[in-house]
Amino acid sequence: MMDTRPRDRNLRFGILALTALLALAALVAPLPVAVPSLSPQARTIDVNARQFAYEPGTLTVQRGDTITVHLESLDAAHGLSIDGYNVNLQAEPGKSADITFTADKEGTFKFRCSISCGALHPFMIGELNVEPDSPLARALLVTLVVAVGAVLYFWK
Amino acid sequence: MTDQRLELTRIPLVKRILASRWLQWSLIAITLPVFLLAILTGFFGTPAGSRNFGIVFVWIVWWALLILVMLPFAGRLWCAVCPIPAPGEWLQRRALVQPRAGGRLYTLGWKWHRRLDNIWLQNAAFLAVALFSVVILTTPFVSALVLTLFALVALGTSLLFERRTFCRYLCPVGGFIGLYSQVAPIEVRVKDHALCATHKEKTCYVGSDAGYGCPWLIFPATLDRNTYCGMCTECLKTCPLDNVALYARTFGKDLLTHRGRRLDEAYKAFIMLTCALLYSIVLIGPWAILKETAYAVGSPAWWFYAIFFLAANLVIVPGIFLVCVVLGKSIGRIQGATRQLFVEYAYVLVPLGLAAWAAFSVSFVLINLSYTWQVLSDPFGWGWNLFGTANWQWSPYWAGGQAFLQIPILLVGLGAAIAVALRTAREQRASPRAALPIAAFCLAFTWVMVLLIF
């Protein structure tokens with residue numbers, strides 16, 4: 001049962017407010033994450049698609065890079081649609097596809113097949129990592145803040 | 001503590017609807033045809049899961065409704081409208097809507113064995129389904145086979161055993177619905193326990209001309225958690241004293257009741273938590289080898305997957321949690337059996353696990369929901385276009401923005417889990433410090449989920 005004495009109520013309110021403030025700070029404050037050592041580059045990445053995998057499954061680029069994805073399909077028609085980016089290309093065996101875009105958003109973005117290609121099609125997924133991945137760092141930090149805040153809030 | 005509940009059945013319309021015998025029947029009249037269509041399309045429709053009504057409606061639409069809406073907000077509501085036990089229940093009653101005199105049931109009426117009066121069989125059944133889930137979720141024929149098997153077992157159980165024995169002890173889905181329904185802000189409870197004590201006939205349990213005895217084998221007066229209440233509202237109909245009500249309440253209220261906590265339920269919490277983690281790795285991760293291994297049932301690699309899957313569920317995750325419990329016991333100098341403390345703390349995993357499932361589900365439900373429009377017009381994938389939507393293109397909803405839903409969901413689950421952990425430590429008359437290892441476990445788990453879904 002929660003203690004409803006005014007002093008405790010005030011303390012709880014203070015913890016709640018501080019947690020919210022720190023969580024907000026974790027979301028917006030500059031983070032000491034690694035800054036890309038190279039200036040933005042143009043990169044071409046070859047991706048092979050087959051049922052139900054991309055090779056490579058994880059693509060890592062730097063923020064600001066201009067990326068050209070060259071998609072080859074090895075067995076059936078496959079697509080490559082990147083969450084959060086307006087990128088969708090489709091390839092068939094013997095008919096590859098290319099698309100060029102700027103990796104202007106940081107974070108990890110799933111890419112997935114956009115053409116129904118068989119049983120595991122909904123789970124034909126890869127990842128594009130645009131470094132530095134500050135959204136992930138922020139999410140982990142906010143999680144820590146909330147955990148500590150919850151411990152303090154429910155301590156008594 | 002004041003009773004912070006709102007009696008919804010005080011609203012005449014709500015009371016009238018819940019007391020009507022037509023309510024449950026009319027809802028099942030909707031879900032049963034959908035269920036039958038899911039089976040038919042599974043057997044006879046296209047083998048492409050994303051173009052098959054059975055796969056899309058069961059594993060995307062129904063699953064999303066269950067995990068994201070019904071469970072957190074309405075508890076076991078699904079069990080009240082589930083079509084799987086309905087044919088068996090109708091046969092038991094030899095009636096669709098109106099009750100037989102005295103609430104009589106036509107079944108051999110076998111009693112479930114006392115040693116099986118727990119959810120271990122449901123745990124085993126869920127693990128069995130989970131182990132093959134990559135195939136079940138993606139292959140219409142197999143999915144239909146599993147649903148048919150559920151329906152046949154439910155039917156057979158109804159003919160042999162009393163009431164809803166299948167739902168209570170066998171249904172693989174019912175186990176986790178019961179566990180997570182403790183979070184829901186809604187409950188069916190008696191109003192005045194003293195009044196129940198004076199009522200000798202106990203019509204809520206044995207039945208009457210007004211309805212049947214509790215199909216879930218519960219005596220409503222003893223009900224203090226949602227876990228085994230199927231929310232069928234039969235007790236509202238059979239109580240002549242108007243002493244049963246539907247209440248709105250605070251979220252997670254059942255987690256404050258530590259009476260009746262058991263190892264089988266604790267293990268259900270571990271199984272659910274671990275499966276959410278493993279599915280997030282296997283299904284939505286970028287590691288194709290894991291998906292292919294999980295799909296290649298019977299291959300040598302699959303056996304390794306199966307052994308690891310079962311070990312993670314039954315040994316590894318519970319083992320790590322046990323280390324945290326022992327550490328907390330030492331820090332808090334808690335007396336008593338470690339086993340009982342392990343069980344008590346396991347309920348911390350209820351909000352944590354539900355949040356993990358919700359976050360995991362968001363990641364594929366929003367992406368794949370647009371397949372719904374195609375299969376509505378062409379459920380079998382035979383080239384029909386019933387509503388003109390068969391050729392609508394796949395279009396992921398809120399792609400890239402899902403984390404804005406997933407992270408808050410995980411944080412709410414984490415906060416609630418820590419609250420339950422600290423309360424459990426207090427119930428043991430220990431310092432809150434005793435709960436810190438459990439809180440650390442919850443934080444570590446949430447971090448891993450963030451890493452996987454982000």
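Some values worked out for this structure:
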quantity	calculated
Criterion: farther than 24 Å from A:ASN86 by Cα and within 7 Å of chain B (Cβ to nearest Cβ) - qualifying residue of A:LEU120, A:LEU140, A:LEU152	A:LEU140
Selection count where residues are away from chain B (no Cβ under 12 Å) and under 21 Å from B:GLU292 (Cα atoms), scope segment A:72-92	7
Entirely in segment B:229-311, the helices (runs of 4 or more DSSP H) that have 1 or more residues that are more than 14 Å from chain A (Cβ to nearest Cβ)	B:234-238, B:263-282, B:300-311
Counted residues, segment B:422-437 - those being more than 24 Å from the chain's Cα centre (by Cα), more than 9 Å from chain A (Cβ to nearest Cβ) and of a type outside the set (Lys, Arg)	7
For A:ARG63: the one exception among (1) more than 13 Å from chain B (Cβ to nearest Cβ); (2) under 22 Å from B:GLN393 (Cβ atoms); (3) of a type in the set (D, E, K, R)	(2)
Single condition B:THR198 does not satisfy, out of (1) polar (S, T, N, Q); (2) touching a residue at least 40 places away in the same chain (Cβ under 8 Å); (3) over 20 Å from B:GLN340 (Cβ atoms)	(2)
Segment B:38-55 - residue that is more than 14 Å from every other protein chain (Cβ to nearest Cβ) and surrounded by fewer than 17 Cβ atoms within 10 Å (Cβ to Cβ) and, of those, farthest from B:LEU145 (Cα to Cα)	B:PHE44
Residue ranges of helices (runs of 4 or more DSSP H) in segment B:42-150 with at least 1 members free of Cβ contacts under 8 Å to residues at least 60 places away in the same chain and over 24 Å from B:SER363 (Cα atoms)	B:77-81, B:86-93, B:120-131
Search result, residues across segment B:375-402 that are surrounded by 23 or more Cβ atoms within 10 Å (Cβ to Cβ) and either of a type in the set (A, V, I, L, M) or assigned to a helix (DSSP H, G or I) (or both)	B:VAL375
Every residue from segment B:438-448 that is touching a residue at least 40 places away in the same chain (Cβ under 8 Å) and facing another protein chain (nearest Cβ under 9 Å)	B:ALA440, B:CYS442, B:THR446
Matching residues in segment B:344-362 - criterion: being closer than 19 Å to B:LEU65 by Cβ and surrounded by fewer than 23 Cβ atoms within 10 Å (Cβ to Cβ)	B:SER361, B:VAL362
Unmet requirement for B:ALA419, which otherwise passes all of (1) buried (at least 23 other Cβ atoms within 10 Å of the Cβ); (2) hydrophobic (A, V, I, L, M, F, W, C); (3) facing another protein chain (nearest Cβ under 9 Å)	(1)
All helices (runs of 4 or more DSSP H) inside segment B:171-225 with 1 or more residues being within 20 Å of the chain's Cα centre (by Cα)	B:172-180
Yes/no for A:PRO40 being more than 14 Å from chain B (Cβ to nearest Cβ), part of a loop (DSSP other than H, G, I, E, B), under 19 Å from the mean Cα position of the chain (by Cα) and not aliphatic (A, V, I, L, M)	no
Flag for B:ILE30 being in contact with a helix residue (DSSP H, G or I) (Cβ under 7 Å, 6 or more places away or on another chain) and within 30 Å of B:PHE364 (Cβ to Cβ)	no
Qualifying residue in segment B:247-268 (condition: β-branched (Val, Ile, Thr) and over 18 Å from the mean Cα position of the chain (by Cα))	yes
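Computed from the coordinates by the stated procedures, all read-outs in this text should not be read as laboratory data. Quick caveat, the model's predicted, so the values are computed rather than measured. Cβ: placed from backbone, ideal geometry, glycine included. Neighbour counts: every protein chain shown.
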